[in-house]
Structures are given as C-alpha cells and as structure tokens.
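*Asks:* First the structure, then my questions, so here it is.
A short reminder: the numbers here are calculations on the coordinates, not readings from a lab. Just so you know, these numbers come straight off a predicted model, no measurement behind them. Please note: Cβ atoms are built from the backbone with ideal geometry, for glycine as well, and neighbour counts cover all protein chains shown.
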C-alpha cells in the first residue's frame, strides 16, 4: 500500500498546530497550498539540508514542535544527519520521510537502494527514540496525534506514491531567503 | 610572524561574541533564550583547533554539537539563527571545500548570517597562506574571494577581536563571514 503525499500532507497540516514545518523537494508544492503561512520554511537550493535546518530550529525553540517533511533521496544526501540529530536529542523534532524510491523531480531515477532502503531501521540504529513505517492513510490518520506528541527525535517513513507536482512542474512560492526572514520575524514575536 | 593562540583566549572571545549577539537579538525584539548557555559551537572536529575543542568540552557556558558533516553544521547554525540563538561553525579548510554548496545556498542565497572559524591545517609559519605548498591552505582565501565572503586571519592573540567583529559582520551583512585560524591553537 502507498499513500498519496498530498493526502498525508493534508493530515499533517490539520494536526500540526503551531509547529514549525520544514518541507523540501516534492512536498513543497503541495505544502505551500495546504499551509500557506509563515511558520514554514522550505529547504530550496541545498538539497539534503531539511533535517539539519529542522534540527537547528528545534534546538533554538524547544518550546515548539518542529516537523521536517523530508524526501528519501534528500535524506540520503545527508544521511549522517540521522546520527547528528540523535546525538543532539531534540525532544521536539518529528522527522517525516516521504519514501517513493525515486528522485521524482529530476525524472524519477531510482534512489540508491530503491524502496529497499529502511529509514526506520537506520533512524533507530542511529539513536532516534522511535520510528514507524506507514503506508495506509487511515493508519496515519489514527496514529498522527500520538506521533506528533511523542518525545523526539522520532522518524516516520511514509510509503507514498509520486506527488502530483514537483518543484519543477509547479514553480513559484517565495524564495528561501524570504521564507526564512518571515519565519524569523514570526518567531521573534512568539 | 604568526603566533599560536592559547585555547582559553579563543573560548573567552567566543563568550564575548555570544554575549554581544544575544544583546543584538534582544534589541531586535527576540524573546529571551530558553537555554542557560551563551551560544552554540557547531563542530566537525578540526585537528588544527583541537585544543579549543578540548577546552570547550569542559565549558558549560557554550554548548558544542559535533556534526557528521560541515553541510549540517552550517545549516544547523542557520536554523539556530532563525530561532535567535547565536552560533559559530568550527571546521577546517577541507570541510569548507566540502560544503561549498551549503555556503552558497544557505548563507549567501538564503541571506543568513553564518560565522565560521576555519583552521588552516598545515599552514607554514614562514609562508603566506596564498603561497603555501599545500593546496588545502593555498586555495582557501581565493575560494572565499570568489564567493565574496569576507574573511580575516587570526595570526596571534592581538587578533582575537576579529572573532566578535566578523560575527557582527555576518549579522550586519546577513551572510557568511570567516576567520581563518592561522596556526594550530595552543
């Protein structure tokens, strides 16, 4: 089974409360429609950096939950961040990996290891407190409240279909520096 | 001639730097920090600055986070800045080369202040770094020049003021700034 990424993102957008969100790659076009606010900052132009950006935010603001909406190919680019995050032990970090097995944006070339890569096992082995692999939307709906309330760092691997849009087919949205400044301003006042 | 700088003096300079940065964040209206320490060092351990890292291990006023890569160190520093937490990235020249895309994407295009302390491992005492026999040393300043990154050399205790100065510069310019640690720290 596999979840449509837009449906998963819709659930997360509805449950996130005041969490800071860090989408990247194919989660970004849908996210800017579903959550057009300034408590999100999209990792654009430095593929693989979403987890580290989320970690910095989580460490700076332990009073807020931080949700990283990562991709499987993106995470592989900075896989060591699993160990760095585990070592820093941010209690407020939820790391969601959208796993479709390909680099969708560049034409759906298979990622190294394809769908066989087990991000939950790797996160647990790195020292994350917990991890789950989900491929059913109802299951995600049922478990999302407890996942978002769990003591972090935790990782959720979502087995998904391809997104309807990629950053190439749906260009637009504010550039990274504008999103970053909007988030900084928002956090300054909160 | 460059001199080796005692680690304790660099740690003191880092504390002063973080105090100043916190005051600047407060003046901009940032809420009080949720942390008891002054600031963060994001490190990918640098042989050249190992005495500083050893001193930081015992230092409660500064939290050191060891990162797997320099890309992470830079990006974590950016996230900390967005949450009004001051940080310093402490790496060596090879790590700067390894993380050039993050320098560009996060600090330059993202217009986010990231301050680096970069160790010039193998820098010769009697030779200008740009004329070094070692490519890792020789290419460092030209690389920073290509990207328009302001940089300065820490050549002795009299230069310690460069650390708060270039941290301030990174905040004012909203971008990267680098202090190169000329000789191995003492």
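*Asks:* Just checking, does the stretch B:74-86 include any residue being within 11 Å of another protein chain (Cβ to nearest Cβ) and over 21 Å from residue B:32 (Cα atoms)? Let's see the steps before the verdict.
*Replies:* Taking the stretch B:74-86 first, the residues within 11 Å of another protein chain (Cβ to nearest Cβ) are B:74-86.
Among the residues that remain, those that are also over 21 Å from residue B:32 (Cα atoms) are: B:74-75.
Scanning the stretch B:74-86 turns up at least one residue that is within 11 Å of another protein chain (Cβ to nearest Cβ) and over 21 Å from residue B:32 (Cα atoms).
*Asks:* Answer yes if at least one residue in the stretch B:25-33 is more than 12 Å from every other protein chain (Cβ to nearest Cβ), surrounded by fewer than 18 Cβ atoms within 10 Å (Cβ to Cβ) and more than 18 Å from residue A:61 (Cα to Cα), and no otherwise. I'd like the intermediate steps shown before the answer.
*Replies:* Residues of the stretch B:25-33 more than 12 Å from every other protein chain (Cβ to nearest Cβ): none.
Checked the stretch B:25-33: no residue is more than 12 Å from every other protein chain (Cβ to nearest Cβ), surrounded by fewer than 18 Cβ atoms within 10 Å (Cβ to Cβ) and more than 18 Å from residue A:61 (Cα to Cα).
*Asks:* Among A:174, A:163, A:180, which is closer than 23 Å to residue A:65 by Cβ, buried (at least 17 other Cβ atoms within 10 Å of the Cβ) and touching a helix residue (DSSP H, G or I) at 6+ places or on another chain (Cβ under 8 Å)?
*Replies:* When all the criteria are applied, what remains is A:180.
*Asks:* Among the residues of the stretch A:56-78, how many are over 17 Å from residue B:65 (Cα atoms) and either at the interface with chain B (Cβ under 9 Å from one of its Cβ atoms) or assigned to a helix (DSSP H, G or I) (or both)? I'd like the intermediate steps shown before the answer.
*Replies:* Quick first cut of the stretch A:56-78, residues over 17 Å from residue B:65 (Cα atoms) only: A:63-77.
After this cut, where a residue has to be either at the interface with chain B (Cβ under 9 Å from one of its Cβ atoms) or assigned to a helix (DSSP H, G or I) (or both) as well, the list is A:63-64, A:66, A:72-77.
Selection size over the stretch A:56-78: 9.
*Asks:* Going by the conditions given, is residue B:10 under 20 Å from residue B:159 (Cα atoms), part of a helix (DSSP H, G or I) and touching a helix residue (DSSP H, G or I) at 6+ places or on another chain (Cβ under 9 Å)?
*Replies:* Here the answer is yes, as residue B:10 does meet what is asked.
*Asks:* Only one of (1) more than 11 Å from chain B (Cβ to nearest Cβ); (2) touching a residue at least 60 places away in the same chain (Cβ under 8 Å); (3) out of contact with any strand residue (DSSP E or B) (no Cβ under 8 Å at 6 or more places or on another chain) is not met by residue A:34, so which one is it?
*Replies:* The single condition residue A:34 does not satisfy is (2).
*Asks:* Right, another one. Determine which single condition residue A:98 fails, assuming it passes every other condition in (1) assigned to a helix (DSSP H, G or I); (2) touching a residue at least 24 places away in the same chain (Cβ under 8 Å).
*Replies:* So residue A:98 meets the others, but not (1).
*Asks:* Continuing with this model, one more query. Taking the stretch B:56-73 as the search range and keeping residues that are buried (at least 24 other Cβ atoms within 10 Å of the Cβ) and more than 7 Å from chain A (Cβ to nearest Cβ), which one is nearest to residue B:167 (Cα to Cα)?
*Replies:* B:73
*Asks:* Suppose we keep only residues that are within 14 Å of chain A (Cβ to nearest Cβ), crowded, with 24+ Cβ neighbours inside 10 Å and part of a loop (DSSP other than H, G, I, E, B) within the stretch B:100-138. Which one would you say is nearest to the chain's Cα centre (by Cα)?
*Replies:* Only one residue tops the list, namely B:112.
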